[in-house]
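J.: First the structure, which I've put down as structure tokens, then a few questions once you've had a look.
The values are calculated or read from the model by the stated rules, or taken from the named source; none is laboratory data. Computed from a prediction, not measured in an experiment: that's the story for all the values here. For neighbour counting, all protein chains shown are included, and Cβ atoms are generated from backbone atoms with ideal geometry for every residue, glycine included.
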Amino acid sequence: MHFETAAALSAPTKVLSRYQLFNTRDVDEARVGVAHVFCEHALDLMAHGNRAIHAQMCYTRIKGVGLGRMTYGGDVVIEPGRLESFALVQMPLSGHERLRSGNIVVDTRPGLGSVIGPSCPVSMQHRAGTEKLFIRIDRDALERHCVQHLGGSMREPIDFELAMDLTGPSGQRWMRMVNWLFAEAEDGDSGSDRAGRSPLLAAHVEQMLISMLLMCQPHNYSERLAADAPSIAPAFIKRIERYIEEHADEPLTIVDLAEHAGVSSRSLFAGFRRFRDNTPMNYLRDVRLARVREALLQACPGATTVTREALRWGFGHLGHFTTAYKRRFGESPSETLARG
């Protein structure tokens, strides 16, 4: 199997065929099948065009990453809005799709794909004869790896450039990774089946793919990731980060943190600004926001409330908390609780 730019794939109809999820000519069945992998959405036949569909999807997962191939086999309009819980990379094998996000319009085709971030509102017009590979990346995995590369917290959701050039140097690097990953998935002995049995291998595959995407596709953190790495952060910065992680449920102040670090408050602020592009108290807030999100996602129905978790983690002003939470995760805390 060889498709360096996704423009010339050998026997594309066979890619991931051992993982077929559905094969249908019914619009409602197609919508339900696609929603099972992605999210709820509107799916309608175009008013003018090929109104007969033959939708097919093949799909498998490796940890926080999903690999798939799909076609609707007709002219359809897809309206998912914001994806919220995942990012989506699409690489057309044939045909074309028109993606719209706000005032940005991209006509994808073989050699020109797309990357849709979790917080990016989008609609798609899928034309008959279009077939594509796609990679679904869980939002939590994407953000976790981005934070690791940044060496500090994310202040806003990651926002990718919508169009992805698959023919330039970065796109070709990305497609070499995709080529390898889909080839591995095709091999039942060493592909996604094996990765599913080996948490270590699955974690390695997830890390490689997400790191490659962060490097190859422009986004709102690209400049920070591309900047020359600063000199190694002083030990007191890492010590305070560990301390905050372990004591985030306590009423910490900047004085407490400076005393624990053994430096002045001014030095602590300066160190975080230089080496983390952040402040100690913002780091504490981000840790607490993450703890609230974790609690909301894991809660059983009726077991907790947004207010209870916000107060538990030190957020006394619920309006400010909700604003900060939505800016950080791209959805309101009540929406997170409803998904949990």
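J.: Going by what's in this entry, would residue 61 be described as in a strand (DSSP E or B), out of contact with any Phe, Trp or Tyr (no Cβ under 8 Å at 6 or more places or on another chain), at pLDDT below 95 and surrounded by 14 or more Cβ atoms within 10 Å (Cβ to Cβ)?
T.: yes
J.: Now for a separate question. Just give me the residues in region 72-93 being modelled with pLDDT under 95 and of a type in the set (Gly, Ala, Ser), in sequence order.
T.: Passing the criteria: 73, 74, 81, 85.
J.: On to the next question. Only residues that are among the hydrophobic types (A, V, I, L, M, F, W, C), part of a loop (DSSP other than H, G, I, E, B) and in contact with a His (Cβ under 9 Å, 6 or more places away or on another chain): list them for region 129-156, please.
T.: If the condition is that a residue be among the hydrophobic types (A, V, I, L, M, F, W, C), part of a loop (DSSP other than H, G, I, E, B) and in contact with a His (Cβ under 9 Å, 6 or more places away or on another chain), then no residue fits.
J.: Does region 90-98 contain any residue that is surrounded by fewer than 20 Cβ atoms within 10 Å (Cβ to Cβ) and part of a loop (DSSP other than H, G, I, E, B)?
T.: Within region 90-98, one or more residues are surrounded by fewer than 20 Cβ atoms within 10 Å (Cβ to Cβ) and part of a loop (DSSP other than H, G, I, E, B).
J.: Take the residues in region 286-340 that are among the acidic types (Asp, Glu) and farther than 18 Å from residue 249 by Cβ, then tell me which one is surrounded by the fewest Cβ atoms within 10 Å (Cβ to Cβ).
T.: 335
J.: Let me ask something else about it. Could you say which residue among 159, 165 is touching a His at 6+ places or on another chain (Cβ under 7 Å) and surrounded by fewer than 19 Cβ atoms within 10 Å (Cβ to Cβ)?
T.: One residue alone meets the criteria, 159.
J.: Hey, another quick one. Hey, any hits in region 255-273 for a residue that's free of Cβ contacts under 8 Å to residues at least 24 places away in the same chain, outside any helix (DSSP H, G or I), hydroxyl-bearing (Ser, Thr, Tyr) and farther than 20 Å from residue 118 by Cα?
T.: So far as region 255-273 goes, yes, one or more of its residues are free of Cβ contacts under 8 Å to residues at least 24 places away in the same chain, outside any helix (DSSP H, G or I), hydroxyl-bearing (Ser, Thr, Tyr) and farther than 20 Å from residue 118 by Cα.
J.: Which ones in region 278-320 are closer than 17 Å to residue 157 by Cβ and assigned to a loop (DSSP other than H, G, I, E, B)?
T.: Selection gives 278 alone.
J.: Next question. Got a sec? Which of 148, 172 is polar (S, T, N, Q), free of Cβ contacts under 8 Å to residues at least 12 places away in the same chain and surrounded by fewer than 19 Cβ atoms within 10 Å (Cβ to Cβ)?
T.: Being polar (S, T, N, Q), free of Cβ contacts under 8 Å to residues at least 12 places away in the same chain and surrounded by fewer than 19 Cβ atoms within 10 Å (Cβ to Cβ) holds for just one of 148, 172, which is 148.
J.: Which residues, counting only those in region 293-308, are charged (D, E, K, R) and within 14 Å of residue 335 (Cα to Cα)?
T.: Within region 293-308, 293, 294 meet the criteria.
J.: I need the full set of residues from region 29-51 which are part of a helix (DSSP H, G or I) and within 9 Å of residue 76 (Cβ to Cβ), in order please.
T.: Passing the criteria: only 30.
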